[in-house]
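Colleague: The structure under discussion is supplied below as structure tokens; questions concerning it will follow.
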Amino acid sequence: MTCPLPRRPPRTEVRHLNLPFPHAGRRLLGFAALTLFLIGEGEGSQQPASTPQDMVALPPQLVEVFNQGVEALNAGQLDAAEKAFLRVLKEGGKAAYVYNDLGIVYERRGEREQALTQFRQAIRLQPDYVAPHALMGSILLAMGKFPEAAHELELAVKLQPKDPLLHVQLAKAYGREEDYPRVLEQLQVLQELAPLEPEYVYQSAQTYLDLSAWCYQQIIRLQPTSARAYQAMAENFRAEGRPELAMRAFQRAAQADPTLPEIHLALAEIYSEQGKTAEARKDVEQELAILPDSAAAIALKKRLDAK
């Protein structure tokens, strides 16, 4: 990256900065989609798809109770599911996937802390079990605990690196922390996993814009009277269609550093747009004195000379 960023930069007020993935309903599927993907849902689902390959076998007398809990969970009968899973645990079926499914029950009831407790227990029993890491990350993200969410989702991605949904959730967690280089890393992985999906390319472009805006804000925060700070403000004013404010900011940038390229060119362009040919010629000459090979300045000078 040409703009070095701290791991988790301090928050600043960036008026035009949009966090990645604004279309929550389309791409940021959240806990419900993760649950659907990780445990499987639908008629006839007897075992959660998230159950690890090396699952701890339940005692035979508890298998049917557990299956009843899964059926109840899939049917939205949360009280019945909770009762079944608690019975399995009480009678000795202390398996990671039982705690995981009990956590899903609590999350669906809006009892997030209870859900997190169950997911942590599942992870304690089986640290390489992806589902509780992913589901914990989704809950923590919804709770606004972004660093903790990123940590759990990082672990989930390491365990299941080819799951696009996990990368999307991790990118969202990084985005909430304004850690744009890491957002872009996840989007790059997503483009490799789904090269024909235009959404990830679009989100990459949006994230580069966010990164650019963040860098400008840091310039203003770190050195508010520097030439670059005035230039950043001027370019923002110009983009907003406020040429007079832009011109004043560019002039202050030129005063702060008379040798900085692009400043006099921008002034010349504004003067030219306002029909102030003499002022435009003066600034374009100053730009060419700083940067003789500037194609934009040469082209503008030709247009001014032709008037």
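The values are calculated or read from the model by the stated rules, or taken from the named source; none is laboratory data. All values derive from a computational prediction rather than experimental measurement. All Cβ positions, glycine included, derive from the backbone under ideal geometry; neighbour counts span all protein chains shown.
Colleague: Looking at Gly137, Gly144, which is the one that is over 26 Å from Leu58 (Cβ atoms) and not in a helix (DSSP H, G or I)? Full working, then the answer.
Modeller: Details: Gly137 fails: not in a helix (DSSP H, G or I).
Just one listed residue meets the conditions, Gly144.
Colleague: With Ala296, Ala289 as the choices, which residue is of a type in the set (A, V, I, L, M, F, W, C), more than 23 Å from Glu240 (Cα to Cα) and either surrounded by 15 or more Cβ atoms within 10 Å (Cβ to Cβ) or out of contact with any helix residue (DSSP H, G or I) (no Cβ under 8 Å at 6 or more places or on another chain) (or both)?
Modeller: On the way: Ala296 fails: more than 23 Å from Glu240 (Cα to Cα).
Just one listed residue meets the conditions, Ala289.
Colleague: Within the range 282-289, is there a residue that is out of contact with any strand residue (DSSP E or B) (no Cβ under 9 Å at 6 or more places or on another chain) and closer than 30 Å to Tyr180 by Cβ? Can you show your working first?
Modeller: Narrowing the range 282-289 to residues out of contact with any strand residue (DSSP E or B) (no Cβ under 9 Å at 6 or more places or on another chain): 282-289.
Those still in the list that are closer than 30 Å to Tyr180 by Cβ too: none.
Scanning the range 282-289, I find no residue that is out of contact with any strand residue (DSSP E or B) (no Cβ under 9 Å at 6 or more places or on another chain) and closer than 30 Å to Tyr180 by Cβ, so the answer is no.
Colleague: In addition: Which number in (1) part of a helix (DSSP H, G or I); (2) of a type in the set (Gly, Ala, Ser); (3) without any contact (Cβ under 8 Å) to a residue 60 or more places away in the chain marks the one condition that Gly275 misses?
Modeller: Every condition holds for Gly275 apart from (1).
Colleague: Take the residues in the range 256-270 that are in a helix (DSSP H, G or I) and touching a residue at least 24 places away in the same chain (Cβ under 8 Å), then tell me which one is surrounded by the fewest Cβ atoms within 10 Å (Cβ to Cβ). If you could, list the steps in order and put the result at the bottom.
Modeller: Kept after step one, since they are in a helix (DSSP H, G or I), are these residues of the range 256-270: 256, 263-270.
If we keep only those that are touching a residue at least 24 places away in the same chain (Cβ under 8 Å) as well, we get 256, 263-266, 268-270.
On the way: Ala256: 17, Ile263: 28, His264: 27, Leu265: 21, Ala266: 22, Ala268: 28, Glu269: 20, Ile270: 20.
Only one residue fits best here, namely Ala256.
Colleague: If you don't mind, another one. Note down all Cβ pairs under 7 Å where the first residue falls in the range 215-237 and is under 14 Å from Ala249 (Cα atoms), the second is part of a loop (DSSP other than H, G, I, E, B) and not hydroxyl-bearing (Ser, Thr, Tyr), and they're at least six residues apart or on different chains.
Modeller: Ala227/Asp257; Ala227/Leu260; Ala229/Gln223
Colleague: Among (1) modelled with pLDDT of 95 or more; (2) hydrophobic (A, V, I, L, M, F, W, C); (3) touching an Asp or Glu at 6+ places or on another chain (Cβ under 6 Å), which single condition is Leu17 missing?
Modeller: Answer for Leu17: the failing condition is (1).
To keep it simple, each residue is scored yes or no on (1) surrounded by fewer than 21 Cβ atoms within 10 Å (Cβ to Cβ); (2) of a type in the set (A, V, I, L, M).
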site: Ala149; (1), (2): no, yes
site: Glu154; (1), (2): yes, no
site: Pro164; (1), (2): yes, no
site: Glu178; (1), (2): no, no
site: Leu187; (1), (2): no, yes
site: Ala194; (1), (2): yes, yes
site: Ala205; (1), (2): yes, yes
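Colleague: While we're here: Condition first: assigned by TED's automatic domain parsing to the domain that holds Pro59, under 21 Å from Gln160 (Cα atoms) and in a helix (DSSP H, G or I). Can you find one or more residues in the range 83-97 that meet it? Walk me through how you get there before you give the answer.
Modeller: Taking the range 83-97 as the starting set, the residues that turn out to be assigned by TED's automatic domain parsing to the domain that holds Pro59 are 83-97.
Next, only the ones that are under 21 Å from Gln160 (Cα atoms) stay: 95-97.
If we keep only those that are in a helix (DSSP H, G or I) as well, we get 96-97.
Yes - at least one qualifying residue is present in the range 83-97.
Colleague: Quick check on my filter: what residues within the range 194-252 are acidic (Asp, Glu) and either part of a helix (DSSP H, G or I) or within 21 Å of Gln286 (Cβ to Cβ) (or both)? Even if it seems obvious, please write down each step before you answer.
Modeller: Taking the range 194-252 and keeping what is acidic (Asp, Glu), we get 197, 199, 210, 235, 240, 244.
Passing the criteria: Glu199, Asp210, Glu235, Glu244.
Colleague: Restrict the check to the range 151-174 and report whether at least one residue is of a type outside the set (A, V, I, L, M, F, W, C), out of contact with any Cys (no Cβ under 7 Å at 6 or more places or on another chain), at pLDDT 95 or above and within 16 Å of Asp210 (Cβ to Cβ).
Modeller: The answer is yes; a qualifying residue exists.
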